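The values are calculated or read from the model by the stated rules, or taken from the named source; none is laboratory data. Keep in mind that this is a model prediction, so the values were computed, not measured. For neighbour counting, all protein chains shown are included, and Cβ atoms are generated from backbone atoms with ideal geometry for every residue, glycine included. For the accessible areas, the whole protein counts, side chains as well, though only heavy atoms, and no ligand, DNA or RNA atoms are used. Shrake-Rupley method; radii C 1.70, N 1.55, O 1.52, S 1.80 Å.
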Amino acid sequence: MFDKPSLKVVVASGNPVKVSAALGGLQQMLPHATIETVSVTVPSGVADQPMTDAETLTGALNRVQNAKEAHPEADAWVGIEGGVDYLQGELATFAWVVIQTEDLVGKARSGTFFLPKAVQELVEQGMELGAANDQIFSRTNSKQKGGAIGILTHEVLDRKQLYEQAVILALVPHKNRELYLSESSNA
């Protein structure tokens, strides 16, 4: 599928950071392809703020399925879901990326980092991470900008870069189709 010179890829998000991360990762892995991205806002089927690793992955998988139903003519569908989970009592944040073609699904998780206690407390009270970041760091709509990682690294690394790497990792099965398809047929 990804050997075509021109691809239509549906990104299951209206967030420009996620769309840009998807396109950036695709362009790095498929440098000779012309890639058209279509942004579509679809439900994740999970809480607005996923609170576990499993719930976050489920959200990304659901977004891909809903995007595929909305745009079945595409070559691929990308779902990116940010979430949090507890590790040794601290709240960590990350994202899951799912990339599906007609016959193959690639999945990868972004890097993980821990949130400051003040942000953790607001998320525990039911606030979405983006809103908690905006409140604690006096920002506006940070989730469509550098995100928590951009704020906390002083823009050394931003949300787009964090997600872009996970997009590249989710493309590994697609770039090595013969290995991954033969594994699924032997199962």
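Quick notes
- Spin-label model, Val172/Asn141: points 7 Å from Cα along the beta carbon direction are separated by 3.5 nm.
- Spread of Cα-to-Cα distances over 10 Å intervals beginning at zero, given as percent, for the stretch 1-58: 21, 41, 29, 9
- For the chain, the mean residue ellipticity at 222 nm estimated from helices alone is -13000 deg cm²/dmol, where every DSSP H run of n ≥ 4 contributes -39500 (n - 2.57) and the total is divided by all residues, rounded to the nearest 500.
- Val105 - accessible surface, heavy atoms, 1.4 Å probe, Å² rounded to 10: 60 Å²
- Electrostatic dipole magnitude of the chain [Cβ: Lys, Arg +1; Asp, Glu -1; Cα centre; debye, to 20]: 380 debye
- GNM flexibility winner over the chain from Val98, Val46, Val19 (Cα, springs under 10 Å): Val46
- These residues, His71, His154, go from largest to smallest accessible area, 1.4 Å probe, as His154, His71.
- Net charge, Phe2 excluded, C-beta distance under 15 Å - Lys, Arg +1, Asp, Glu -1: -2
- Exposure ranking of Arg109, Arg177, Arg139 by accessible area [1.4 Å probe, largest first]: Arg139, Arg109, Arg177
- Model label sites at Ser39 and Asp3, defined 7 Å from Cα along the beta-carbon direction, differ in position by 3.4 nm.
- The stretch 1-147: projected area of the alpha-carbon convex hull, averaged over directions, in nm²: 8.6 nm²
- Here the Karplus curve 6.51 cos²θ - 1.76 cosθ + 1.60, taken at θ = phi - 60°, turns the phi angles of the stretch 34-43 into couplings of 8, 10, 9, 9, 10, 8, 9, 8, 9, x Hz, with x standing for Gly and Pro.
- Relative contact order [Cα under 8 Å, 6+ residues apart], the stretch 73-184, whole percent: 23 percent
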